[in-house]
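The values are calculated or read from the model by the stated rules, or taken from the named source; none is laboratory data. Everything numeric in this text was worked out from a predicted model, so none of it was measured. Here the Cβ is made from the backbone with ideal geometry for all residues, glycine too, and neighbour counts use every protein chain on show.
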Amino acid sequence: MTLKEGSNQIYEIKKVFNNNVVLAIKKNNYNQTNEVILLGKGLGFAKNQGDILSSDKCNIEKEFIPVNEEKKEQYQQLVENVNEEIIGLTTEIIAMVSNELNEELDKHIHIALADHIAFALKRIKEGMDIVNPFLPETKTLYYKEYNLAKRAAKMIEERSGVPIPESEVGFITFHIHGARSNRGRSRAVKYTSLIKKMINVIEKELDIELTSESLNYARLVTHLRFALERIEENKTNQNPLLEKIKNDLNFSYQVADKLSLMIYEELELKVPEDEKGYLAMHLERLKKNLM
């Protein structure tokens, strides 16, 4: 949240993460206290635990409640075990993403992203390869989040001095998307993994090869993503050409049927006949475009 103008609030610093981010205790009029993260340029510079901040004298740009009550213990463990610079940097990344998207992110990202960045830096420093098999699909499916993840990676590189590989940008993308959609990172990973498998089947069945930079590839990935969302949300539109598609585009419809079985096996979602028809139409157009 952004602080309201004209109101003075007193905070007691609990921990300084970096020059711009502190963990503080906020007291209200009922003598109750809340832990909050404060973000502002130079806010933590030359400050120590127990120091007092007032909103009318300090440059407080953002105030976060880092976690819900049930995650409070996990956050305390994070603060104790993860380098405070990483936690502070993660807060700055979250604020940047939130500002660019003009929306608040789910609170779980404060724990998940800080923990991920800490572990990723450890692996990179130890020379471990970070393999991301879903990178091409991730770029296409979540292009806005991917661009923000690239900015986050640059911030990490500048602060840590550790080069962040493109594969890692893809993983950060999942965290951003998961915090946006409020359905979690696992859903994004599951969709991306399934789409990759579906594309492999399409290439084999249609005897084609798609390059991840091509327009045909981008169209296919986008269609599959929105098809999965429609199926999951039960929003499939009626397809008036369904019977004609079954008769005239029989091979493409059979491939669509095979893909539908994959969706059922992976997500336990039954694909409506109308959706199979739309998928068959898309496969037919793809086949003609590559002839």
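General observations
- Complete set of residues in region 81-123 that are touching a strand residue (DSSP E or B) at 6+ places or on another chain (Cβ under 7 Å) and more than 18 Å from Thr173 (Cβ to Cβ): Glu84, Glu85, Ile87, Gly88, Thr91
- Where helices (runs of 4 or more DSSP H) sit wholly within region 156-271, those with at least 2 residues that are among the small types (Gly, Ala, Ser) occupy 166-181, 185-206, 215-232, 250-267.
- Here the condition is being modelled with pLDDT of 95 or more, out of contact with any Gly (no Cβ under 6 Å at 6 or more places or on another chain) and among the hydrophobic types (A, V, I, L, M, F, W, C); of Leu261, Leu267, it holds for Leu261 alone.
- The set of residues from region 66-84 being closer than 19 Å to Glu12 by Cα, surrounded by 15 or more Cβ atoms within 10 Å (Cβ to Cβ) and out of contact with any His (no Cβ under 9 Å at 6 or more places or on another chain) comprises Val79, Glu84.
- Taking the listed residues Thr211, Thr222, the one that is in contact with a Phe, Trp or Tyr (Cβ under 8 Å, 6 or more places away or on another chain) and either in the same structural domain as Ala280 (by TED's automatic domain parsing) or at pLDDT below 95 (or both) is Thr211, with no other qualifying.
- Residue match in region 99-106 (condition: within 25 Å of Ser160 (Cβ to Cβ) and part of a strand (DSSP E or B)): no
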